[in-house]
Amino acid sequence: MTIRTRFAPSPTGFLHIGGLRTALFCWLYARGRAGRYVLRIEDTDLERSTPEAIQQILDGLAWAGLAHDEGPFYQTQRFDRYREVLDELLAQGRAYRCYCTKEELEQMRNEQIARGQKPRYDGRCRERSAPREGIPPVVRFKNPTEGSVVVNDVVHGPVEFQNRELDDLIIARSDGSPTYNFCVVVDDMDMRITHVIRGDDHLNNTPRQMNMLTALGYTPPVYAHLPMILGPDGTKLSKRHGAVSVLQYRDDGFLPEALLNYLVRLGWSHGDQEVFSIEEMIRLFDIADVNKSAAAFDPEKLAWLNQQHLMRVPLERLIAPLREQLAHLSIDAADDAQLMAIAAVQRERAKTLKEMAANSLFFFRAPERYEAKATRKHVTAEVLRALEALIEDLRAVSDWSAPTLHALLHAQCERHALSLGKIAQPLRLAVSGGTVSPPIDATLAILGKVETLRRVERALSAWRADLFAQANRI
RNA sequence: GUCCCCAUCGUCUAGAGGCCUAGGACACAUCCCUUUCACGGAUGCAACCGGGGUUCGAAUCCCCGUGGGGACGCCA
């Protein structure tokens, strides 16, 4: 039988980290065993569902690369079908109309809580034959009152629920619209879902759904309830923990495979391996290997993984997102080859593409000033003499490449009996304004001959004036 | 309150009775490499929630506590 999984978000907010991991596990499981991954939008809550949220979810999933094989299906477009199943249940006496008012239910709940009991509907309308005037009824599922339901959860093992703990849940509101637990049941059945992989918070819903499925003559699917993801402080993940939407991670300069890699390692592992390509995840992942306990989200490890992926991914992959990040810094980087060269030397010195862009700003913009402290430290009369000699060499270079420049620098250092650092640092200052950059030869190579000479000449004249003023003052 | 779930370094995890002197990774510290910053390498710091059992032997199995989480809606 073909394995069929589904991701079923409700569009009442952004797609967040937890949702993305659920989607990832569903996707990996289906992909790894020639199955089908279905996307279903659970938008039965007309009040809170928004088209913007739907778009956000779709965009987030698309960015992550978790393409669905079927769907997206919208529950709001399946109301006729739910109605049909509802009537079937009603006709079979598996469901009944309940005329209790919200006030009565509220009162019932309060009394039960006061008595220290679990609030639950007492089934008083089960045997009611006559409707109550003026009260539009809801429909409740007639849950078994005896025995128990065992959820053979793939990650938790068997979990037993007593039917007496469950009550007759509402499956259609008084306005006739179906509720979540009922739609899920009908959809999972109709879409022939074989594996329901979802958050831990749904474990308690499972016995009810299984009872309904059974009442409909359908064998329940396999269930796998994933542990929750907690914030870095161990409490429930929320907005104050930073990124809410997965799209925020894109904007912050993360690679989707890095995020996915981080997420797959939350509750799952494969020996000592930390870095996984998408292909490896698909090949190695198994829902049965997932942990039971909740995991805290660690932004530091995500950042480390992102760098690991930045260093492994084909360089071309970095061009577009790096350009995008530079655009946010008002840099219009048109040249693919140049961006690739920059990414090649910067990727081992940046955790994110955003950081890479910031570190690479100087390639596009000449420094306006030179770090004062570093200038005092690295710029001396002796260094100036060496640089002046070097610039002559540079002017004469026809093959402007890192190896050539490297040789030139070395030669000049030897001539002046200086270590390479003595000359590399002031050069860095001259071209970048600071003391941090990729290897100086590579940096100059990327910058190009014209721009390098312009910047070095400008720095030299500024520093000459400085030294002269200093000498006169003393 | 009732029901359900969970429990190994600060964090993510390995561990399915002896291989555990509890392994790896992030973070942190020190050192090496070095042209700055990184990358990389080495070393160090650091954990089985508590108590009872079962067993020759328990991080691993059972029970009870404790702590954390979830559910209990005409939300999903």
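Read the figures in this text as sums done on the coordinates, not as results from a lab. In this text the structure is predicted, and so the values were computed from the model without any measurement. Neighbour counts are summed over all protein chains in view; Cβ atoms, including those assigned to glycine, are modelled from backbone coordinates with ideal geometry.
When Lys and Arg each count +1 and Asp and Glu each count -1, what net charge do the other residues less than 10 Å away from residue A:155, Cβ to Cβ, add up to? Taking every Cβ under 10 Å from that of residue A:155, the sum is -2.
Measuring between their Cα centroids, the stretch A:245-276 and the stretch A:299-347 lie 17 Å from each other.
Put simply, the amide H of residue A:171, placed in the peptide plane, has neighbours under 5 Å in A:139, A:140, A:141, leaving out anything fewer than 5 places away on its chain.
Once amide H atoms are built 1.01 Å from N in the peptide plane, which residues 5 or more positions from residue A:6, or in another chain, come under 5 Å H to H? Correct list: A:38, A:197.
Entry note, chain A: the mean residue ellipticity at 222 nm calculated from DSSP H runs of n ≥ 4, each adding -39500 (n - 2.57), is -15000 deg cm²/dmol after division by the residues and rounding to the nearest 500. Exposure proxy for A:171, A:3, A:440: other Cβ atoms within 10 Å of each Cβ, ordered fewest to most, give A:3, A:440, A:171.
When both bridge partners sit in chain A, DSSP labels roughly 50% of those beta bridges antiparallel.
Here the Karplus relation 6.51 cos²θ - 1.76 cosθ + 1.60, evaluated at θ = phi - 60°, turns the backbone of the stretch A:356-364 into coupling constants of 4, 4, 4, 5, 9, 3, 5, 5, 9 Hz, with x for every Gly and Pro.
For chain A, the relative contact order is 12 percent, taking Cα pairs closer than 8 Å that sit 6 or more residues apart in sequence and dividing their mean separation by the residue count. Look at A:44, A:380 and count the other Cβ atoms within 10 Å of each Cβ; fewest to most, that gives A:380, A:44. Residues whose amide H lies under 5 Å from that of residue A:222, counting only those 5 or more places away or on a different chain, are A:195, A:196; hydrogens are built 1.01 Å from N in the peptide plane. Applying a threshold of 20 Å to the alpha-carbon distances of A:292/A:351; A:377/A:422; A:373/A:422; A:118/A:142 flags A:292/A:351 as lying beyond it. Computed 3J(HN,Hα) for the stretch A:208-213, one whole-Hz value per residue from the Karplus formula 6.51 cos²θ - 1.76 cosθ + 1.60 where θ = phi - 60°, is 5, 5, 5, 4, 5, 4, glycine and proline marked x. Relative contact order, whole percent, for the stretch A:227-313 stands at 45, derived from Cα pairs under 8 Å and 6 or more residues apart. Computed from backbone phi with θ = phi - 60° and the Karplus coefficients 6.51, -1.76 and 1.60, the 3J(HN,Hα) list for the stretch A:197-205 is 10, 7, x, 3, 5, 9, 4, 5, 7 Hz; x is used for glycine and proline.
Considering every Cα-Cα pair within chain A, what fraction, in whole percent, is farther apart than 41 Å?
Everything past 41 Å amounts to 41 percent.
Antiparallel beta bridges, as assigned by DSSP with both residues in the stretch A:1-146, represent about 35 percent of the total such bridges. For the stretch A:172-293, relative contact order (Cα pairs under 8 Å, six or more residues apart, normalised by length) works out to 20 percent.
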